[in-house]
Amino acid sequence: MTKIYRYFFLLLLFNIAALQSQTSRRDSLQLRLKSSTNKTERTDLLNFLAEISKKDDPKECLQYSYSALELAQSINYKKGIANAYNNLGNLYTNQDNYNKAYDFYSKSLGLRKEIDDKRGIAASLNNIAGLYNVQKDFKTALKHYEKSLDIRKELKDDRLVGASMNNIGSVYYRLGKLDKALAYFFESLAIKKKSGDKSLGYNYNNIANIYADLGQADTSLSYFFKAVESWKVEKDIPASAIGKLGISNMYYDKSDLENAEKFAKESLKESQQVHSIATISGAYGMLAQIYAEMGKFQEAYKAAEKMNAFQDTLFANSSLKVMRESEFRNDLEKRENAIVLLNKDKEIQKLQLSKNRTWIFVLVFGLVLIGVMLTVIMSRYKVKKRANILLTKKNIEIEEQKKDITDSINYAKRIQEAILPDKDIKYKAFPDAFVLFKPKDIVSGDFYWFTEKNGKRLIAAVDCTGHGVPGAFMSMIGNAFLNEIINEKGITKPSEILNQLSSNIIKSLKQTGIEGESKDGMDISILCFDEDEKGSFVEFAGANNPLWRFKKQDNSFTIEEIKADKQPIGFSGGKQASFTNHRVELASGDALYIFTDGYADQFGGPKTGQNDGSIGQGKKFKYKQLQDLLLSLQQKKMSEQEEELLKAFNEWKGNLEQVDDVCVIGIRI
């Protein structure tokens, strides 16, 4: 499916109380409303009418919702107030006004928690998750969806469980995990069919998207048509408009421009009926592409202008406007460039016609040879022109792929930063300490880790195999296993932690020692601080990376190295030995340091005759120089030591590239 419109096709189940035979039910509810004198009953009836109207008559939905809200507030009927807020959230969601939608969903959730309305709480969490999903905050979306799913499983409501499975699948879809998304979508579909739920349009639509991405156009179209047929029965106009836009896109990919235009126009008509700004913009964008392919450049230009106008409105309503302004400007520039290219093509065609008439005139005077030459030249020109167009398209695709990859890595960076220990917590546990953390790339293979368990404080410096994206994957695995071993299982002895960590890595990476298999692993230093009636102690265990202790004696310091075991975490060949546990009594003023190898391995130093700083600075910093530097800094606070270490590193590195991730941790007792 054409990538630019995928945003409009992924559908979420917000409040999924799908109602059949809505017209007859609306008439019945309105008759009951006229005859009812009970204010609680009238509030419920107004909320039901608002829910039915949200898809095909937004103005009526707004009127019923506010009438229900006013009446419920007058009698302090909290469930009725919460349902009215939820209906208003649904209304603004359908109109892509996510700021207002979030405000109303949050108010509804607060009241539902207050009255312990579990079914309502699950619906509100589901709706809020949907807002995070469409705004690309996938981590928060998954958290809310999973909370909603847990409640619905507790309630044993298969229909709502199916809806939650569908929505979780939609997150994995937008993350590009198509196999996982498809599994959730089919599981959701099966659960809903088993429960007798007939509102299957959202499930069909999302399955259609997966098959489109997998290049199975005919299978994708069949599911899109099933989705639209289901929404037709449900009278769900906003969803039907999106489904028809998906059908148009598939026909466009199959080069069936006639059907592509037909369904794009039907989508536009329905989305205009319900004022769905995002879908209106998507329909105009689809038509612009179709008309351009047909050679109808004037219609393409008009459709593109309207698409941009509705995009302005959409971004004005978005709660992530500031974050998306840069992306929007890039998209707008691309579309404007596309229109410029179309206009240039028209000018070229006009010029070509003029040239042809000139050559025909020449031919009339008998210059047959020139006519033959012209034919050859024009043929070569067209071949070159097609080659240039293909080259331009490839360059654009490469730039888009590069941007997508960079965006994904930056997102991974935010995830990695989120799992690192909070500095405020760390400094409360170690008031005079520092963590110098300097990744080589956007994401890091090094990480530092901290926790408090059973009255003990544990901190680690970890160096995973590789750096950048491969190293970051290993760091996520290492972080997860440390949390499991220490925080969940309660193991706090450093040597036992490393034994368990190594075993977990070997099992998870299926390492057996066979040639050619993964040799990934990590080096680590871990400290566990404890106190008893005899004094303060630290326990240490290390995989390749040692502990340095600077002991204060009078006005000077001596260096003691507590050596690590010379083996990594993970399979290293031969029988895996157990790690050694060291217990060291501490004295006030002692300074402890653990680190990865990135600082000592950095190339640099004074230049040796080179002017560009790229060859002459070729020495490693080395551990001895790092020890000497730390020894010279012992009279300074740890925060000042961090500044001096960073300054010395940058001066040593100079113009050279950083060779590895850097992590150094210092703690003053």
So, counting K/R as plus one and D/E as minus one, what does the shell of residues with Cβ under 15 Å around A122 add up to?
+4
Please count, across segment 544-602, the pairs of lysine residues with Cα atoms under 22 Å apart that sit 8 or more places apart or on different chains.
4
Pairs beyond 27 Å (Cα-Cα), from K59/K306; K624/K653; K139/K244:
K139/K244
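Which GluC sites (Glu not before Pro) in segment 502-566 sit in a loop by DSSP (not H, G, I, E or B) and have at most 12 other Cβ atoms within 10 Å of their own Cβ?
Of the GluC sites (Glu not before Pro), the ones in loops of segment 502-566 whose Cβ has at most 12 other Cβ atoms within 10 Å are E515, E517, E533.
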In which sequence would S588, S170 go, from the one with the fewest C-beta neighbours within 10 Å to the one with the most?
S588, S170
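Once you compute Rg and the Kirkwood Rh from C-alpha atoms, what is the Rg to Rh ratio for segment 76-202? Intermediate values should be presented prior to the final figure.
Details: Rg = 14.4 Å, Rh = 14.8 Å.
Over the Cα atoms of segment 76-202, Rg/Rh equals 0.97.
Cβ under 14 Å from L71's Cβ, L71 left aside: what net charge do those residues give with Lys, Arg +1 and Asp, Glu -1?
On the way: positive: K39, R42, K78, K79; negative: E41, D44, E70.
Summing Lys/Arg as +1 and Asp/Glu as -1 gives +1.
Report the net charge of residues surrounding R112, where surrounding means a beta-carbon distance below 9 angstrom and charges are Lys +1, Arg +1, Asp -1, Glu -1. Before the final figure, lay out the partial values.
On the way: positive: K78, K79, K113, K118, R119; negative: E114, D116, D117.
Net charge in that neighbourhood comes out at +2.
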With a cut-off of 8 Å between alpha carbons and a minimum separation of six or more residues, what is the relative contact order of segment 420-668 in percent?
24
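Coordinate-derived values only; no laboratory data. Note that the structure is predicted; figures quoted are calculated from it, not measured. Here the Cβ is made from the backbone with ideal geometry for all residues, glycine too, and neighbour counts use every protein chain on show.
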